[in-house]
Amino acid sequence: MAVWPSNPRLIGTRIPRIDGLGKASGRTKYPSDVRPEGTLFGVMLYSPYAHAKVKSIDTTAAEKMPGVKAVHVIAGAGKTLRYQGDDIAAVAAETEEQARDAARAIQVDYEVLPHVVTESQATAENAPQIVRDAGNQRRGRATVKGKPEEDMAKADVTIEATYSLPVITHVCLETHGLTARWDDSDHITAWASTQAVGPTASQLADAMKLPASNVRVLTEVMGGGFGSKFGPDVWGITAAELSKKAGGRPVRMFLDRIQEHLAAGNRPSAIGKVKLGASKDGKLVAMIAETTGVGGISRGAQFPLPYIYMDVPASRTHTDIFVNCGDARAMRAPGHPQGCAIMEAAMDDLADKLGIDPLEFRLKNLPPDDFKTPVYMAEVKMGAELIGWSANRQPRGQNGKGPIRRGLGMALHTWGGGGAKDKQVACIINPDGSVEVRSATQDLGTGARTVLAIITAELLGLKVSDVKSNIGDSSFPPGQNSGGSTTTPSMSPPTFSAVSEARDELFKRIAPGLNAQPADLTLKDGQVLVKGEAKMSWKDACRKLGMMPISVTGKFQEGLSSVGVGGCQFADVSVDIETGVVKINKMVAIQDTGLIIDKLTWESQVYGGVIGGLNYGLFEERVMDPTTGVMLNPDMELYKLAGASDIPEIIVRAYEPDEVKARGVIGVGEPPTVSTAAAIGNAVTNAIGVRVTEWPMSPRNVLNALAKASKEGKA
Amino acid sequence: MTEHDPKPKGGPAGAASGHSRRDFLRGSGLAAASAVLTGPATVALDEAKAAESDPKVLSGDVRISLKVNGEERSCTVEPRSTLLDTLRNRLDVTGPKRVCDRASCGACTTIIDGDPVYSCTTLAVACQGKKIETLESFDTGEKGVPHAFHQNDGLMCGYCTPGFVTACKALLDENPNPSLEDVKRGLDGNICRCGTYIGVFQAALAAAKAMKGA
């Protein structure tokens, strides 16, 4: 079994990302910035209706417009458009302005059909049947463990409540898309904003009926994906079609902001009717949950529940509800933020009813045999100290009498992470001393490119800047698709293997010239050492390779990576009970992710996860208009996202004792975004004394909760 | 520059009256044309003069010249072409990014005559004679804003970063000693989706320090 160096020089330190200056100086070309010679601009025409049939489509006028080089119809006569934003046709023209005009000039005669765009519309009596005959729903079978009804009846204390979270969209700043060029009659090059260069290439090849090896996808950098960019999509294939029609000229096709919101993915909603029971001494005894969620026109909306806590008799029934909206896609820790918010709200409400500190209640109910339990115990202790839990937290509703109420809340989360075992990395050591690692993975902004360079430099005794980390090219050895926090744990072991083997090969080839055995050689600070003594510079040693570079492809090895993490977050908020405005004073995030390769970019991932969760907790919501069936906020002003002034103090700590580090690399993209919205919801509830059951914690939802409680005489 | 007499020769009566997109273009186009001769400070005055004089409109293809990062660049645009699309699609200046395309997110921030503006809602024809600076012209050395963003990891995917770097530069040019609160206010016109704000704040404060040579 392989092991990471025990006293690393670079691993675990704070190393600025190697592509950072290019990005920060505007010099790096993103896929949407690339304009190969002769580029035409593509524009999509998409459905203005939530549900309609194309009676006829006429592109004659569009084809005659100035600058137009190609028109492609996706939804011809008779095709049904299933949501606002569904693809109809596309145009490629010399300028983007001309392409927009031409797309607008395509004549479509629609038969508008009845729609449902909200959960209540979809489940109403006599609702139009948009997908299935069974009431626009797919009811899952109940998952039952034990006899929860019987145990619930024996519980000393129970709570029952319905909690809900809205649909949110990914809002990738670089919209989905690619630029496709037919290089000749049977080769395509595409510059794509994707999380998966390999699958994007193979799907494009398949759609264009080319051998996979004839399509090359390049993604040097990309402007955010969050789980929504794993293939060429209809618009990417359309770009290739348009390019073909335009004699191979490159066609640049990136969605506009509106279609990005409508058609390029979203996180499903979640509604959970939860009954949770405990004994007087604060032990969970049973859980009964009925949940629903909206995942779009065809996707499910599953999420984990029960979540984290010990395995008690439980039943869960989940129903997916279909609406005339774009389909859900994986979004940063798919399912977990929803499951976490619902579970942790119920846990808090039950702790309150029991009169137990919710922190103690959680610790009491961690699963006894889980390896993560001691991790949670230690993390909660760290977090409680950093937020000042015992000094600053009052029992629910006992936070003063003025209009501004302060409250504290917390939540726990988990995530798998871990890596694939079938990925490859090539390491090339050239006779001029230059070193390159290659793999068909990509860097979404996580720092994956830098991670490969750090590992390489660590093992070769070089500086990070001495290593060329080449990723984002589908023609390289197969690398990991960037999803599920799996990139670093998938790519680190084969990088370790490739570089170690390349180094050993170098030792074998230069040892005779140094009158030494390969086993006597080591590398440090750009020098080759024989039995610990510097004998030759790295460059001179590589020169001994003559004309023949070293090229090794490395594979997975056991011992370098692991799966499964835990973390906790705490929120300190102030709520104005007259306006409903929530202000976050401070967040604390404690996270374990095994061995950390780059502490600087690791911290950025955790900050980013917390801020993503803050958006989910306070601001984000896709608003559909039931009457017209359209989205009311497909933009970046009414679709609310945090700006600089919304950012509180955020304290991030890694939980990384030696035994955690020894687990190897795990991955951190997702876990730190899971419990933020849950912790914020609990803090708001603690502050104002009544449960806000609906996320986000917007003024409307906070005031509604207060009004409801007041009506019921509770507040 | 192609300029036309706006008075309708054949069109329907009243086409030239009331508020139209044409009137708007006329104002901004002429103001810019005058600015070439008289300098940026007199734009308001030029607007007033333009309103009095025989108005002109622009339509169709317009050949313009823009001073971008110290270089005079010519290209053909339409009167409706935004500065952002002109920079990106016609001049290959792709530092500023198109994200929201309606002045909400700041990714397209460009400095015009010293002020940060959203180039996605600024017409290219209105920028003639003005000094247009994008982040590609910034100092990439240790005293520059890009360096501070790099060192403090004030970026992840990096797509909002050009806008933040540009807004930060404009902020520091005006206020070389910002507090954290000043930084937040100065960057409030920009949105990041990866959640890089903490690194951005640290970068802005570090850049302020570096610029002073501390």
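A few remarks follow.
- Of all the listed residues (A:MET44, A:MET1), the sole one being modelled with pLDDT under 95 and in contact with a Leu (Cβ under 9 Å, 6 or more places away or on another chain) is A:MET1.
- Only listed residue being within 12 Å of another protein chain (Cβ to nearest Cβ), of a type in the set (D, E, K, R) and under 30 Å from A:GLU458 (Cβ atoms), chosen from A:GLU659, A:GLU670, A:GLU637, A:GLU603: A:GLU603
- Which listed residue, of A:VAL323, A:VAL312, A:VAL274, A:VAL285, is of a type in the set (Val, Ile, Thr), in contact with a strand residue (DSSP E or B) (Cβ under 7 Å, 6 or more places away or on another chain), closer than 27 Å to A:GLY483 by Cβ and modelled with pLDDT of 95 or more: A:VAL323
- Condition met for B:THR121 (among the polar types (S, T, N, Q) and at the interface with chain A (Cβ under 8 Å from one of its Cβ atoms)): no
A quick yes/no check of all residues on (1) under 11 Å from A:PRO268 (Cβ atoms); (2) not β-branched (Val, Ile, Thr):
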residue	(1), (2)
A:THR292	yes, no
A:GLY296	yes, yes
A:VAL312	no, no
A:SER315	no, yes
A:ASP327	yes, yes
A:PRO334	yes, yes
A:GLY339	no, yes
A:ASP370	no, yes
A:THR373	no, no
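- For A:SER465: the one exception among (1) away from chain B (no Cβ under 14 Å); (2) outside any loop (DSSP other than H, G, I, E, B): (1)
- Candidate set: the range B:63-103, residues that are among the polar types (S, T, N, Q) and in contact with a Gly (Cβ under 9 Å, 6 or more places away or on another chain); chosen: the one nearest to the other protein chains (Cβ to nearest Cβ): B:THR94
- Here A:ALA516, A:ALA448, A:ALA498 are screened, and the one residue that is under 26 Å from A:TRP191 (Cα atoms), outside the structural domain of A:GLY231 (by TED's automatic domain parsing) and in contact (Cβ under 8 Å) with a residue 12 or more places away in the chain is A:ALA448.
- Residue within the range A:37-44 that is over 24 Å from A:ARG257 (Cβ atoms) and away from chain B (no Cβ under 12 Å) present: yes
- In the range A:277-303, the residues that are over 18 Å from A:PRO148 (Cα atoms) and not polar (S, T, N, Q): A:ASP281, A:GLY293, A:VAL294, A:GLY295, A:GLY296, A:ILE297, A:ARG299, A:GLY300, A:ALA301, A:PHE303
- If you go through the range A:626-642 and keep only what is of a type in the set (Gly, Ala, Ser) and either under 20 Å from the mean Cα position of the chain (by Cα) or in a helix (DSSP H, G or I) (or both), you end up with just A:ALA642.
- With respect to the conditions (1) modelled with pLDDT of 95 or more; (2) assigned to a loop (DSSP other than H, G, I, E, B), A:MET347 lacks only one, and its number is (2).
- Residue within the range A:28-40 that is aliphatic (A, V, I, L, M) and either out of contact with any Ser or Thr (no Cβ under 7 Å at 6 or more places or on another chain) or at pLDDT below 95 (or both) present: yes
- Looking only at the range A:658-715, residues that are hydroxyl-bearing (Ser, Thr, Tyr) and assigned to a helix (DSSP H, G or I) come to 4 in all.
- With respect to the conditions (1) assigned by TED's automatic domain parsing to the domain that holds B:LYS67; (2) without any contact (Cβ under 8 Å) to a residue 40 or more places away in the chain; (3) of a type in the set (Lys, Arg), B:ARG185 falls short on a single one, namely (1).
- Strands (runs of 3 or more DSSP E) enclosed by the range A:519-620 - at least 2 residues per element that are under 19 Å from the mean Cα position of the chain (by Cα) and touching a residue at least 40 places away in the same chain (Cβ under 8 Å): A:565-576, A:582-591
- The residues of the range A:1-26 that are facing chain B (nearest Cβ under 8 Å), assigned to a loop (DSSP other than H, G, I, E, B) and in contact with a Pro (Cβ under 9 Å, 6 or more places away or on another chain), listed by number, are A:SER25, A:GLY26.
- Taken over the range B:191-214, the criterion of being assigned to a loop (DSSP other than H, G, I, E, B), at the interface with chain A (Cβ under 7 Å from one of its Cβ atoms) and either modelled with pLDDT under 95 or touching a helix residue (DSSP H, G or I) at 6+ places or on another chain (Cβ under 6 Å) (or both) is satisfied by B:CYS194, B:GLY195.
- Residues located in the range A:415-448, provided they are buried (at least 23 other Cβ atoms within 10 Å of the Cβ) and either part of a helix (DSSP H, G or I) or within 18 Å of the chain's Cα centre (by Cα) (or both): A:TRP415, A:GLY417, A:GLY419, A:THR441, A:GLN442, A:ASP443, A:LEU444, A:GLY445, A:THR446, A:GLY447, A:ALA448
- Answer residue from the range A:301-321, given it is part of a loop (DSSP other than H, G, I, E, B) and over 23 Å from the mean Cα position of the chain (by Cα) and is surrounded by the most Cβ atoms within 10 Å (Cβ to Cβ) among those: A:VAL312
- Only one entry in A:THR693, A:THR676 is surrounded by fewer than 24 Cβ atoms within 10 Å (Cβ to Cβ), touching a strand residue (DSSP E or B) at 6+ places or on another chain (Cβ under 7 Å), assigned by TED's automatic domain parsing to the domain that holds A:VAL581 and closer than 16 Å to A:ASP348 by Cα, namely A:THR693.
- Within the range A:184-283, helices (runs of 4 or more DSSP H) holding 3 or more residues that are within 14 Å of chain B (Cβ to nearest Cβ) and either of a type in the set (S, T, N, Q) or in contact (Cβ under 8 Å) with a residue 60 or more places away in the chain (or both): A:257-263
- Here A:LYS508, A:LYS524, A:LYS531 are screened, and the one residue that is exposed (fewer than 15 other Cβ atoms within 10 Å of the Cβ), at positive phi and outside the structural domain of A:ILE666 (by TED's automatic domain parsing) is A:LYS531.
- Flag if B:ASP188 is surrounded by fewer than 18 Cβ atoms within 10 Å (Cβ to Cβ), assigned to a helix (DSSP H, G or I) and touching a Gly at 6+ places or on another chain (Cβ under 9 Å): no
- Test: residue in the range A:65-75 that is more than 28 Å from the chain's Cα centre (by Cα), within 13 Å of another protein chain (Cβ to nearest Cβ), crowded, with 16+ Cβ neighbours inside 10 Å and farther than 20 Å from A:PRO232 by Cα: yes
- Residue satisfying all of: in the range B:146-190; at the interface with chain A (Cβ under 7 Å from one of its Cβ atoms) and among the β-branched types (Val, Ile, Thr); nearest to A:LEU600 (Cα to Cα) among these: B:THR161
- Test: A:ALA102 is surrounded by fewer than 22 Cβ atoms within 10 Å (Cβ to Cβ) and of a type in the set (A, V, I, L, M): no
The values are calculated or read from the model by the stated rules, or taken from the named source; none is laboratory data. Please read these numbers as outputs of a predicted model, since none were measured by experiment. Here Cβ is always computed from backbone atoms with ideal geometry, including for glycine, and neighbour counts include all displayed protein chains.
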